[in-house]
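Heads up: the structure comes next, in C-alpha cells.
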Ligand code: PRP
C-alpha cells in the first residue's frame, strides 16, 4: 500500500473526485471525515490528510511515498521532491495585486515597496529581481486587507475566481505563475517502489483532464 498525502481544505474535494476517476475512490469522503488516514476502496492506497502547507514535508521525509500539493505551495517551500505530473485541477494564478492607482506609480517611487503575502519566499524572489528596495511581510491569511488598509502597497497571492480581489477593490498588477495541483513523489520511494509508483502514475495520467 502506498501512502498519499492529501491537502485538506479546498483542494480535498477536487482531489477526491479526481482520485475516484483514477480508480482510487476513498473509503470515506476525504472532505468530510475527521479521520487523518483513510484507505482507498481498492486497498492500494492510504490517504494521509494534512494541512496543505505540511503535505510536501510528509512526502520529503518519506512518511508518505507520494502526495498532492498545489504548485503555489511547492513554489514557496521548494521541497526536494519529484514532481512527475500536473494533475490539472485546483487551477489558479500567483499574482501581484494592489489598489488600481498603484499602476501609475513606478515601484521606485514607493521606497521601500511594501509587500504582504502568505508566500514570502515567492514574494522575495519576485521583488528581488526588480532591483528596488522592498520589504516583505508574512501574513497567514486574508492578505487582501493588508493592501486595502495600507499595511502594504502590494500583495502576492493566489487568485482563482478573482472575487476576493474584486470585492475588496484590488486589481492584478502582474502575473507570476500559473498554478495547479501536482503529484509529488519522494525521491527514494520512486526507485524503491518503482512498480507501484509507476502503476499509480499511469492511472493518474489517464484521469487527468477526463
Ligand atoms: C485564497 C487566496 C485569496 C482567495 C482567492 O484564500 O489567498 O484570498 O483564496 O480566491 P478567489 O480569487 O476565488 O476569490 P483562502 O480562501 O484560501 O483563504 P485565506 O485568505 O484564509 O488563506
Item to check | Residue within the range 66-74 that is modelled with pLDDT of 95 or more and on the phi > 0 side of the Ramachandran plot present | outcome: no
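Are any of the residues in the range 144-152 within 19 Å of the chain's Cα centre (by Cα) and within 9 Å of the ligand (Cβ to nearest atom)?
Here is the first cut: in the range 144-152, the residues within 19 Å of the chain's Cα centre (by Cα) are 144.
Of the ones still in play, those that are also within 9 Å of the ligand (Cβ to nearest atom) are 144.
Yes: one or more hits.
The values are calculated or read from the model by the stated rules, or taken from the named source; none is laboratory data. What you see is a predicted model, and the numbers here were worked out from it, not measured in a lab. Using ideal geometry, Cβ is built from the backbone for each residue, glycine included, and neighbour counts are taken over all protein chains shown.
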